[in-house]
Structures are given as C-alpha cells and as structure tokens.
C-alpha cells in the first residue's frame with residue numbers, strides 16, 4: 001500500500017448509515033451515494049476506529065476506490081471518526097407491501113400564494129440543478145434560509161406552504177420531486193420568517209433517499225405514513241426547536 005497515505009479520515013460532509021446487511025455512504029458535497037457490502041462495511045467500521053490505513057483494516061483496492069470518490073481523505077495522523085449511524089432494515093415483504101401510486105392534483109389555492117411558491121421553486125431548481133456542486137449549494141441555501149427565520153412555523157402554516165409548492169410544481173415543466181419540493185417549502189416559509197426542519201433520510205430494500213420537512217416539534221408535514229420508514233441522516237433548521 002505504498003501508493004496510499006498511512007492515515008485517512010472521513011470528510012465531515014460524508015455520512016455513513018449501517019443497515020446491518022449493507023452500509024451506505026452519502027457525500028453531501030456532491031450527492032454521491034455508495035453502498036458497501038458486509039465485507040467492505042466491516043473494513044470501513046474497523047478503519048473508522050483508528051484511521052490507520054493498512055491491510056489489516058482495509059483492502060488496498062477498496063481504500064483506493066474510497067479515496068478516489070472523496071469518501072476518505074488523507075490525514076496527518078491516526079484518529080477515529082464518527083461511527084456509522086445505525087438504522088433499522090426494512091422487514092421482508094415478499095412483494096406484498098402496497099404503496100399509493102399515481103399523482104394527486106393539489107387543491108386550488110390563492111393565486112398570490114401559488115405565485116410565491118413558484119418563485120421559491122425556481123430558486124430551488126437553480127440550486128439543485130448545478131452539478132456536481134448542486135447538493136452543496138442546496139445545503140448552503142437551506143442554512144441561509146434558516147438563519148432568516150424568527151419563529152417556528154405551525155403545522156398548519158407548514159402544510160399550507162408544502163401544498164402551495166406542490167400546486168406550483170403541478171404546472172412546472174421541470175422535474176419536481178421531493179428534493180425540489182422540500183427546499184422550496186423551506187424557502188417559502190423563510191420568506192415569511194418562519195422556520196421548519198428540513199430532513200434528508202434513507203430507507204433500505206431497496207436503498208432509496210427522500211427529502212421532506214418537519215415542524216420543530218417533529219411532525220412530518222404533508223407526508224404519507226411510509227415516510228416513517230426513512231431514517232433522517234441530515235437535518236437543517238433546529239434553531240427554533242420547542243418542547244411542549
């Protein structure tokens with residue numbers, strides 16, 4: 001392993017999620033996602049305890065691959081990093097699990113509110129589309145929006161914002177999925193100085209990602225029950241957290 005550094009660390013923007021049967025690495029700088037099978041996951045976990053890159057902890061080929069992807073970075077000395085977030089794996093459904101399908105048209109609402117939502121959605125599109133820095137720009141935008149807020153949005157206020165964004169997205173010619181919707185909802189509420197918690201999470205079998213918003217009390221906003229299958233990996237917007 002002469003061509004590899006002696007010590008490595010995990011960049012702060014990279015999060016590891018361990019489902020037991022698979023470990024998933026998410027790079028929040030680029031949006032890159034990599035899944036490690038059990039053998040490689042064990043090597044990652046062993047390496048995370050020392051940061052010493054040797055054959056006893058990780059195979060050279062795996063080390064080179066993770067360094068090339070930016071999921072590991074050279075370090076000046078040994079050191080542990082945050083262990084993988086433990087997440088529950090989905091129970092086997094044998095193909096019997098049902099999920100709602102199709103697109104439901106959002107209810108009509110005030111034109112001014114829809115127009116404001118469309119503006120927020122346009123900004124969200126601009127941030128998320130710029131690759132390979134789209135995710136980094138999106139997180140910066142969300143943090144800046146959160147800094148503008150002065151109080152937490154109520155569940156009703158947050159629901160109205162999400163509904164307005166979905167209504168605007170219905171008429172949008174571009175792709176409007178969970179990432180764009182959730183970012184636009186945060187921006188729309190921040191324009192009124194209202195804060196929510198933006199969540200990005202992961203579920204397994206199959207591995208899938210989802211972005212959504214919560215109130216500061218932890219209520220999912222305008223989300224189906226299936227969202228509870230996702231383990232939040234990254235959240236932004238806890239400045240106005242309230243305990244009731």
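Taking residue 227, is it in the same structural domain as residue 145 (by TED's automatic domain parsing) and in contact (Cβ under 8 Å) with a residue 40 or more places away in the chain?
no
Name every residue in the stretch 196-224 that is free of Cβ contacts under 8 Å to residues at least 40 places away in the same chain, surrounded by 19 or more Cβ atoms within 10 Å (Cβ to Cβ) and more than 21 Å from residue 120 (Cα to Cα), in order of residue number.
Listed by number, the list holds a single entry, 201.
I'm trying to understand the selection: among the residues of the stretch 139-157, which are in a helix (DSSP H, G or I) and closer than 8 Å to residue 194 by Cβ?
Within the stretch 139-157, just 157 meets the criteria.
Spot the failing condition for residue 193; the list is (1) without any contact (Cβ under 8 Å) to a residue 24 or more places away in the chain; (2) exposed (fewer than 15 other Cβ atoms within 10 Å of the Cβ); (3) closer than 15 Å to residue 154 by Cα, and only one is missed.
(1) is the only condition that residue 193 fails.
Among what's in the stretch 213-232 and is under 22 Å from residue 190 (Cβ atoms) and part of a strand (DSSP E or B), pick the residue that is nearest to the chain's Cα centre (by Cα).
232
Check 35, 68, 16, 41 and return the single one that is more than 21 Å from residue 230 (Cβ to Cβ) and not assigned by TED's automatic domain parsing to the domain that holds residue 199.
After applying the criteria, what remains is 68.
I'm told residue 40 meets every condition in (1) in contact with a helix residue (DSSP H, G or I) (Cβ under 6 Å, 6 or more places away or on another chain); (2) part of a loop (DSSP other than H, G, I, E, B); (3) more than 15 Å from residue 73 (Cα to Cα) except one. Can you identify the failing condition by its number?
(2)
The values are calculated or read from the model by the stated rules, or taken from the named source; none is laboratory data. Predicted model, so just to flag it, every value in this text is computed and none were measured. Backbone-built Cβ (ideal geometry, glycine too); neighbour counts: all protein chains shown.
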